[in-house]
């Protein structure tokens with residue numbers, strides 16, 4: 001990518017942020033574009049983007065507007081910055097596709113007003129959804145997990161086929177149990193995977209200009225709310241029917257979905273601790289595998305329940321049946 005002017009940066013992000021007020025400090029460049037491109041008065045442009053006339057005037061006289069606003073320019077990015085942003089956006093897009101497909105499956109299977117699915121993703125907690133009963137009381141917490149990489153040594157290390165293996169960090173199991181105990185609300189993981197659909201694969205399909213502009217903001221020491229930027233980019237990719245989004249969603253729609261309760265995860269963890277948490281058998285695991293998590297490995301076919309099966313039981317046989325299955329460690 002040749003080193004573009006600040007105006008190309010703004011034009012790249014225009015479809016992402018639209019006509020409203022842009023997040024700080026990008027709002028300064030947007031205000032500048034109103035003056036330079038649209039012919040607005042500096043006072044009107046400053047007012048529209050929530051800045052001062054003095055600050056906009058200073059920017060208009062800057063030698064490098066990107067450096068003035070962001071603290072760095074295109075030349076400060078290296079290939080690593082761009083690749084990390086590309087992979088991060090790819091992962092977020094895959095996650096968004098998984099959430100959308102999950103909602104579609106829930107609506108298709110349940111078709112009832114007695115069990116409502118409530119979206120909690122805006123809270124950015126470890127809960128994506130709650131299921132509410134007819135009285136509006138929560139009865140389950142749901143957290144979606146996407147697994148994209150195949151554990152090639154699964155047969156050797158955890159006695160599972162690589163295609164039948166799902167890894168879940170032990171601290172996530174513990175956290176789910178803690179939340180379940182605190183709120184007396186069963187915690188359920190909804191799981192989907194595709195080994196050919198990792199963040200890097202999807203990220204490689206994204207527009208270079210969008211990725212590079214996002215990388216510049218991610219690196220920006222002055223920018224706040226960087227996760228909001230990432231979410232805005234993903235929203236844009238979805239709403240514009242970007243080819244990377246359409247392809248990823250189509251693959252997830254064809255993938256197999258499962259559920260695993262935190263309670264069953266704990267039971268299996270205790271029963272198969274040394275068999276399935278192979279890290280406990282390796283001396284100096286943390287030194288050998290730097291940054292690796294302590295994972296429990298589950299069999300997709302034997303340890304988990306198909307999502308559609310779970311939803312049909314919930315709809316046709318009710319919450320009591322599901323509660324019994326959880327108590328018995330069958331779900």
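The values are calculated or read from the model by the stated rules, or taken from the named source; none is laboratory data. All of these numbers come straight from a predicted model, not from anything done at the bench. Glycine also receives a Cβ, built like all others from the backbone with ideal geometry; neighbour counts cover every protein chain displayed.
Values computed for the structure shown
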read-out: Candidate set: the range 260-283, residues that are in contact with a strand residue (DSSP E or B) (Cβ under 6 Å, 6 or more places away or on another chain) and buried (at least 21 other Cβ atoms within 10 Å of the Cβ); chosen: the one farthest from residue 187 (Cα to Cα); value: 276
read-out: Residues within the range 1-60 that are farther than 19 Å from residue 230 by Cα and outside any helix (DSSP H, G or I), tallied; value: 13
read-out: Test: residue in the range 299-308 that is part of a helix (DSSP H, G or I), more than 21 Å from the chain's Cα centre (by Cα) and closer than 30 Å to residue 158 by Cα; value: yes
read-out: Yes/no for residue 268 being modelled with pLDDT of 95 or more, assigned by TED's automatic domain parsing to the domain that holds residue 156 and within 28 Å of residue 132 (Cα to Cα); value: yes
read-out: Residue that is out of contact with any helix residue (DSSP H, G or I) (no Cβ under 8 Å at 6 or more places or on another chain) and assigned by TED's automatic domain parsing to the domain that holds residue 131, where the choices are 315, 287; value: 287
read-out: Positions within the range 57-72 being without any contact (Cβ under 8 Å) to a residue 60 or more places away in the chain, closer than 21 Å to residue 221 by Cβ and in contact with a helix residue (DSSP H, G or I) (Cβ under 7 Å, 6 or more places away or on another chain), in sequence order; value: 59, 62, 65, 68
read-out: Some residue of the range 149-159 being surrounded by 14 or more Cβ atoms within 10 Å (Cβ to Cβ), assigned by TED's automatic domain parsing to the domain that holds residue 114, closer than 22 Å to residue 103 by Cα and within 20 Å of the chain's Cα centre (by Cα); value: no
read-out: Any hit, the range 282-298, residues being modelled with pLDDT under 95, under 23 Å from the mean Cα position of the chain (by Cα) and farther than 21 Å from residue 143 by Cβ; value: yes
read-out: Residue list for the range 147-168, filter: out of contact with any strand residue (DSSP E or B) (no Cβ under 6 Å at 6 or more places or on another chain) and outside any helix (DSSP H, G or I); value: 148, 149, 150, 152, 153, 159, 161
read-out: The range 24-47: number of residues that are touching a helix residue (DSSP H, G or I) at 6+ places or on another chain (Cβ under 6 Å) and either touching a residue at least 60 places away in the same chain (Cβ under 8 Å) or within 14 Å of residue 232 (Cβ to Cβ) (or both); value: 3
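Let's see how each residue does on (1) buried (at least 21 other Cβ atoms within 10 Å of the Cβ); (2) over 30 Å from residue 312 (Cβ atoms); (3) in contact with a strand residue (DSSP E or B) (Cβ under 9 Å, 6 or more places away or on another chain); (4) modelled with pLDDT of 95 or more:
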residue: 170; (1), (2), (3), (4): no, yes, yes, yes
residue: 190; (1), (2), (3), (4): yes, no, yes, yes
residue: 226; (1), (2), (3), (4): no, yes, no, no
residue: 238; (1), (2), (3), (4): no, no, no, yes
residue: 248; (1), (2), (3), (4): yes, no, no, yes
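Okay, residues lined up against (1) assigned to a strand (DSSP E or B); (2) closer than 30 Å to residue 310 by Cα:
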{"site": "173", "(1), (2)": "no, yes"}
{"site": "177", "(1), (2)": "no, yes"}
{"site": "189", "(1), (2)": "yes, yes"}
{"site": "192", "(1), (2)": "yes, yes"}
{"site": "197", "(1), (2)": "no, yes"}
{"site": "212", "(1), (2)": "no, no"}
{"site": "227", "(1), (2)": "no, no"}
{"site": "236", "(1), (2)": "no, no"}
